[in-house]
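The block underneath contains the structure these notes are about, expressed in structure tokens.
The values are calculated or read from the model by the stated rules, or taken from the named source; none is laboratory data. These numbers come from a predicted model, not from an experiment. We place every Cβ from the backbone using ideal geometry, glycine too, and count neighbours over all the protein chains shown. Surface accessibility is based on the protein's heavy atoms, side chains included, excluding ligands, DNA and RNA. Shrake-Rupley method; radii C 1.70, N 1.55, O 1.52, S 1.80 Å.
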Amino acid sequence: MIVAIAGGHGQIALLLEKELTGRGHEAVALVRNPDHVPDVEKQGARAAVVDLEHTTVEALSAAIAGADAVVFAAGAGPDSGAARKETVDRGAAVLLADAAVAAGVERYVMVSSMGADSADPDSDDVFQVYLRAKGAADADLRARTDLAWTIVRPGRLTDDPGTGRVQVGESVGRGEVPRADVAALLAELLSSGAGLRAQLEVVSGSVPLAEAAAALHD
């Protein structure tokens, strides 16, 4: 399959590109900065330069045309202010969904955040603004009947080596998880078609990734 990944130079995205190409799929990394093209190509991905904050549905749908699935793995980043949480973490995610519909791409996998539905609605704290933006993007996706969506909400992300074992479910409790295991789970969900119209939390656990994904078909 062909998978277009928004935020293609992010840490999880780079790992996902390597996972997908290793499975024989084609990854198209949407990157804002042309300087990042060599990095995604090293993972075996093909790059498309698109600035998600300054593009249109038409331009973005053209960039993902022919894809079988899209993944939203973009983020404003930890050093950005509240305004960019809104334009990237919410706005760009919604734009990608609109573009997917326009391009006829039904599968949409969202990389979200644990706690996105429990943000303080009145706080000006940047992290709370981030959680609200993620929650709003997830809510928009859940309301769509024209996309086969999956929302993945990892616990606290680490750079530890992947273990290949996770705990996945609607609610799994607080915990941490290596980015490598999140990427591997995303690849498994895309490859198997598991988790359709499901919102899932994931932390490290004892269940092999393929088994955890297969259980979502039940």
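A few points about this structure:
- If you go through segment 10-30 and keep only what is touching a strand residue (DSSP E or B) at 6+ places or on another chain (Cβ under 7 Å) and within 20 Å of R90 (Cβ to Cβ), you end up with I12, A13, L30.
- Any hit, segment 164-182, residues being closer than 21 Å to I64 by Cβ and either open to solvent by 40 Å² or more (accessible area, probe 1.4 Å) or over 17 Å from the mean Cα position of the chain (by Cα) (or both): no
- If you go through segment 64-77 and pick out every residue that is of a type in the set (G, A, S), open to solvent by less than 20 Å² (accessible area, probe 1.4 Å) and either in a strand (DSSP E or B) or under 21 Å from T150 (Cβ atoms) (or both), you end up with 3.
- Top-ranked residue in segment 167-184 [being assigned to a helix (DSSP H, G or I) and touching a strand residue (DSSP E or B) at 6+ places or on another chain (Cβ under 6 Å); ranked as nearest to D138 (Cα to Cα)]: V182
- Residues that are of a type in the set (D, E, K, R), touching a residue at least 12 places away in the same chain (Cβ under 8 Å) and either assigned to a strand (DSSP E or B) or over 18 Å from G75 (Cβ atoms) (or both), drawn from segment 1-52: K18, E19, R23, E26, R46
- Flag for G104 being of a type outside the set (F, W, Y), over 19 Å from L131 (Cα atoms) and over 14 Å from the mean Cα position of the chain (by Cα): yes
- Per the listing S112, S61, S80, the residue uniquely open to solvent by less than 30 Å² (accessible area, probe 1.4 Å), touching a strand residue (DSSP E or B) at 6+ places or on another chain (Cβ under 9 Å) and small (G, A, S) is S112.
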